[in-house]
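See structure below.
Read-outs: derived from the displayed coordinates by stated rules, not from any lab. Quantities reported herein were computed from a predicted structural model and do not represent experimental measurements. Using ideal geometry, Cβ is built from the backbone for each residue, glycine included, and neighbour counts are taken over all protein chains shown.
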Amino acid sequence: MADPSSYRPKPGQIPDSPGVYKFRDDHGRVIYVGKAKSLRQRLANYFQDLAGLHPRTRTMVTTAASVEWTVVSTEVEALQLEYSWIKEFDPRFNVKYRDDKSYPYLAVTLNEEFPRVQVMRGAKKKGVRYFGPYGHAWAIRETVDLMLRVFPVRTCSAGVFKRSAQIGRPCLLGYIGKCSAPCVERVSADEHRELAEEFCDFMAGRTGAYIRRLERQMQDAAEEMEYEKAARLRDDIGALRRAMEKSAVVLADATDADLIAVAEDELEAAVQIFHVRGGRVRGQRGWVTDKVEAVTTAGLVEHALQQLYGEERGDAVPKEVLVPALPDPVGPVQEWLAGRRGSLVSLRIPQRGDKKDLMATVQRNAQQALALHKTKRASDLTTRSRALEEIAQALGLDAVPLRIECFDISHLQGEDVVASMVVFEDGLARKSEYRRFQIKTFEGQDDVRSMHEVIGRRFKRYLQEKQKSGEWTEEPPAGAPAEEDGAPEAMAGRPTDEDGRPKRFAYPPQLVVVDGGAPQVAAARRALDELGIDDVAVCGLAKRLEEVWLPEEEDPVVLPRSSEGLYLLQRVRDEAHRFAITYQRSKRTRRLKASPLDAVAGLGETRRQALLKHFGSLKRLRAATVEEICEVPGVGRKTAETVAAALAAAAPSAPAVNTATGEIIEDDGVPSAALSAERGQDR
């Protein structure tokens, strides 16, 4: 525990201007990010008598070992920089809202030639129009099913669309009138896009004018005695009204607004958001957070606004945002929202009328979400604590293993040998810390040797990071790898070498679990002993009888089948196995799909696809002359000569045969049967 006075800046060093500050721990990790109108006044609050601080603030300042700040020009810039740093550094003491599920959206892929209506989850994509989020995917499908009668937009996948175009027959939806069948050119691309845009307009709330237009068309058809057309229009109007009834009118003035409510206690807070468009509730979502810092309701609202609109632009930020408490000060937040929308945004507390009544409904939803979460959380915390205590007791550890790392080796008959490392902290998976390895020192199948290599490489990197941070001053062990191993499952591509960011191998576990029995455990222990590491426990979990093996022990530790500790070890082991298998399969797939064109210098993905599309297959491209290759748009003579030479050098001596089916594998692709046959042999 650090003494805050040991790193307190001198009063004259802190500027009296807006800015953003970061607290770091003794490892250099950023543990808290905050913003202030006056850095001097705000930071002075952290360095008062510890007895006068909030318990969570006291824990933060005693965990920290240093503080630094960045001066900005305005409070709006401070808000933007604070959001960026919280997203980048993931500080443990900042409020971070977490979804209990991935909310589905109704999406229209306007970025495609023939837009498609579908259910989408996860990160939003450019050029796709989103509506929602919805509480359940089935609610989206019911709405879409009703609207396809009036707006017969494509809903099929790319494979189904391509297949229908090849055989010249639409799918079932095309036959029953719920798709305009652009795959067989019943409508042109422009006509289909117009249908998709009308669908989007209707979903965006512009419903009244469209229904009135259909009613006029129905009356005109009836007057002209086209009764079948009039009946069809009548049914279309009924379908649209049923779709509208699924989202009740809550605001009579067709308001576009988001309503945010907060329910909280001393430890946690729940946030609920209702998205109202055209006076109707179009979506709902919720978050829950631990109150790891002393924060008011206004502060929770500000954090919710940052998370909700931090990645949004344009109409995704509504004209009006209704909240239970205004951030202090409210001006910079309102200006930041207006900048993201591109026009004025009203941020206020509803005082009367329908909006206040609706806010009360949102508040009740937030209270129910918090109560439900606390019921689940209490049981979950108790179970995880008991599991860690059982593991510590069974393995004879001095303390519960708060950080557990598990390693697994995966291969296919000795080829594409890879390893995985997964991390569980406090009994929960921490995917940002996952790593993966390729076996480099030998080829072939040897799980024990592979485990020794991987454990050695992981902890060599740990010793290197200790040396960089100044915690360890001796020379690193000989043979430490020059390049960084692996890539995390949830953080691939993120910077990791700068101070404060989560580094790849900087933090040691209290327990290493290997997937295997006594030989793998002995290899892991030997790798640690060779590096002089004696404060990390090692065990192995054998699949056959779920026995726990310890180094230099002849007999395994057998945990009761009902043990929470055994269940946690199984989850850790199974997650490591899943991560390893996923990596091994992707590596094998890339190898099988590798093409001689990949190695041609200066030939990018676009021109590779153009060549294959022009000739139809790699076999035909290999047989083509330089002049024929030059006929492909964008391919000059020099590139054509390079391509021809590369294909001639890589020409197969004999056709490849799929041993599972006896099928000859052509150059234009790998038969799906080959992949499926191999997957059954994965280890």
Once you place label points 7 Å from the Cα toward the Cβ at GLU312 and VAL558, how far apart are they in nm? 5.8 nm
Taking R0 as 35 Å, what's the FRET efficiency between ALA294 and TYR567 from their Cβ-Cβ distance, rounded to 0.05? 0.45
Working out 0.36 nm times the residue gap between ARG386 and ARG340, then minus their Cα-Cα distance, what length gain in nm do you get to one decimal? 11.9 nm
If amide hydrogens are placed 1.01 Å from N in the peptide plane, which non-local residues have theirs closer than 5 Å to the one on GLU547? ALA542
Count of Lys pairs (Cα-Cα under 29 Å; at least 8 positions apart or interchain) in segment 1-117: 13
Length gained if CYS630 through ASP3 is fully extended, taking 0.36 nm per residue and subtracting the Cα-Cα distance, is 218.5 nm
Cα-projected label distance for ARG212 with LYS87, points at 7 Å along beta-carbon direction, nm: 4.1 nm
Peptides 176-188, 338-350: what's the order by average Cβ count within 10 Å, highest mean first? 176-188, 338-350
Take peptides 380-389, 59-68, 508-517, 144-153 and line them up by average Cβ neighbours within 10 Å, highest first, as a rough protection proxy. 508-517, 144-153, 59-68, 380-389
Sorted peptide list for 23-36, 528-541, criterion being average Cβ within 10 angstrom, highest first: 23-36, 528-541
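Taking R0 as 25 Å, what's the FRET efficiency between ALA360 and GLU268 from their Cβ-Cβ distance, rounded to 0.05?
0.70
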Suppose R0 equals 30 Å. What FRET efficiency, 1/(1 + (r/R0)^6) with r the Cβ-Cβ distance, do LEU428 and THR74 give to the nearest 0.05? 0.20
Using only Cα atoms, locate the centre of segment 318-352 and the centre of segment 514-534, then give the distance between them in Å, rounded to an integer. 57 Å
